[in-house]
Amino acid sequence: MDCLREWPEPIVRVQSLSESGAPTIPAHYVKPPSERPSAAPAAAAGAVSIPVVDLGKLEDGADAETVKAIAEACRGWGFFQAVNHGVSPGLLRRAREVWRAFFHLPMEEKQRYANSPVTYEGYGSRLGIQKGAILDWGDYYFLHFLPLCLMSHHKWPAQPPTLRETTDEYGEELRKLCRRLMKALSMGLGLEADHLPAAFDEEGTCMRVNFYPKCPQPELTLGLSAHSDPGGMTILLVDDHVAGLEVRKDDSWITVRPLPDAFIVNIGDQIQVLSNAAYKSVEHRVRVNASSERLSMAFFYNPRSDVPIGPIPHLLTTDRPALYQPMTFDEYRLFMRKAGPRGKKLTG
């Protein structure tokens with residue numbers, strides 16, 4: 001990718017700032033008033049929530065009722081909670097445990113895996129490369145699963161001892177889940193089950209484990225700024241004790257209250273393009289708080305990076321022509337990486 005090889009400024013780990021005990025956050029984490037957590041109205045607690053879809057029947061193949069529920073959620077919200085998804089609750093627990101343990105290792109151990117803007121793979125604390133940017137209050141670890149030419153266990157943490165094995169197993173199970181969901185999404189558009197997966201050509205999968213430390217002034221910043229995901233589909237395993245994810249619905253921010261052992265599934269920009277905006281890639285953000293740290297695991301299921309992605313011709317009509325020009329995922333991702341997670345780039 002045509003990108004900076006080094007970060008434009010020295011990297012400071014947010015976890016170190018949090019653990020310093022300072023009562024205020026540095027100025028370059030303070031969001032403009034319009035972007036602060038209290039800047040937009042929030043829906044009343046319990047008044048509205050993202051859809052919940054039971055995926056139990058997808059294990060046995062195409063189920064019309066489940067396909068309809070998934071399609072309606074992705075058309076109206078771009079998000080849903082998936083229950084009975086087939087991934088072992090024990091694996092979810094182990095995945096959270098090993099990655100939380102990683103972020104609590106001594107800093108010198110974590111720094112062995114410090115990343116750069118070239119691939120983002122490794123231990124990081126910023127996503128955009130603009131010098132002087134307002135940063136988010138969070139650290140992360142980014143790694144690749146597929147294609148295999150990008151995946152290397154040597155780039156994954158060696159500690160805790162079971163992290164690599166657990167992460168491998170987790171990635172394989174989520175790849176299977178994504179393949180089932182892609183077929184359902186395709187049928188929800190009135191297409192053959194393999195139509196949408198074929199448009200991806202070859203799947204690319206990667207994961208970002210997010211760590212949001214305690215923040216002394218959570219009203220002034222965000223763990224992750226409002227954005228839509230640039231890829232195909234995201235499977236998010238959120239913290240089982242601390243809420244933080246918010247989804248934009250019309251003019252309000254909806255706090256997601258995760259169900260036990262559920263995944264949060266959301267549409268990315270590439271599927272919005274392929275569906276010609278029938279499915280929505282929706283803005284979301286992450287709040288932090290003063291009393292608790294928070295961990296989440298975002299698994300990204302993406303199209304082959306060098307294949308042009310445009311609206312599927314079968315979905316185009318004279319009344320609804322193509323809304324987007326074809327662009328490869330590499331081109332789109334570079335555009336996103338330069339600016340960082342800021343707002344929604346697609347309309348329609």
Estimated FRET transfer efficiency (residue 38, residue 261; beta-carbon r; R0 35 Å; 0.05): 0.65
Residues of the range 235-261 with amide N under 19 Å of the 7 Å Cα→Cβ point at residue 93: 237-242, 258-261
Bins of 10 Å from zero: percent of alpha-carbon pairs in the range 246-303: 17, 44, 32, 6, 0
The range 180-250 - convex hull of the alpha-carbon atoms, volume per residue in Å³: 139
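Expected output is a single nm value to one decimal: the length gained when fully extending between residue 108 and residue 317, i.e. 0.36 nm times separation in residues minus the C-alpha distance. What is it? Could the numbers behind the result be given before it?
Numbers: separation 209, 0.36 × 209 = 75.24 nm, distance 5.74 nm.
Gain on extension, residue 108 to residue 317, equals 69.5 nm.
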Convex hull projection area averaged over all views, the range 259-338, Cα basis, nm²: 7.9
Per-selection Rg to Rh, the range 208-348 - Cα, Kirkwood hydrodynamic radius: 1.01
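When you have a sec, figure out the Kirkwood radius of the chain from all distinct Cα pair distances and drop it here in Å to one decimal?
Working: mean 1/r = 0.0486 Å⁻¹.
Evaluated over the chain, this radius sits at 20.6 Å.
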The chain, dipole about Cα centre (Lys/Arg Cβ +1, Asp/Glu Cβ -1), debye to the nearest 20: 740
Separation in nanometres of the label points that stand 7 Å from Cα toward Cβ, at residue 148 and residue 27: 5.2
Most mobile listed residue (152, 18, 225) in the chain, GNM with C-alpha springs under 10 Å: 152
Ratio of Rg to Rh over the range 117-252 (Cα coordinates, Kirkwood Rh, two decimals): 0.99
Extended-chain gain in nm, criterion 0.36 nm per residue less alpha-carbon gap, residue 75 and residue 101: 5.6 nm
Sites residue 292 and residue 84, calculated FRET efficiency, Cβ-Cβ separation with R0 41 Å, nearest 0.05: 0.90
Stretchable slack from residue 131 to residue 159, in nm (0.36 nm times residue separation minus alpha-carbon distance): 6.8 nm
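Give me Rg/Rg_expected for the range 48-112, where Rg uses Cα atoms only and Rg_expected = 2.2 N^0.38 Å with N residues. Walk me through the numbers on the way to the answer.
Numbers: Rg = 17.5 Å, N = 65, 2.2 N^0.38 = 10.7 Å.
Computed over Cα atoms of the range 48-112, the ratio equals 1.63.
Measure off, as a whole percent, the carbon and sulfur share of the 1.4 Å-probe accessible area of the chain, all protein chains present.
On the way: 8020 of 15110 Å².
Answer for the chain is 53 percent, counting heavy atoms of protein chains only.
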Per principal axis, descending, Cα span of the range 106-191 in whole Å: 50, 36, 24
Point-to-point label distance, residue 20-residue 64, nm (Cα→Cβ direction, 7 Å offset): 6.2
With DNA, RNA and ligands ignored, accessible area of residue 263 (1.4 Å probe; Å², nearest 10): 0
Surface per residue (accessible, 1.4 Å probe) for the chain, Å²: 43
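The values are calculated or read from the model by the stated rules, or taken from the named source; none is laboratory data. A quick note: this is a predicted structure, and the numbers were derived from the prediction, not measured. For neighbour counting, all protein chains shown are included, and Cβ atoms are generated from backbone atoms with ideal geometry for every residue, glycine included. For the accessible areas, the whole protein counts, side chains as well, though only heavy atoms, and no ligand, DNA or RNA atoms are used. Shrake-Rupley method; radii C 1.70, N 1.55, O 1.52, S 1.80 Å.
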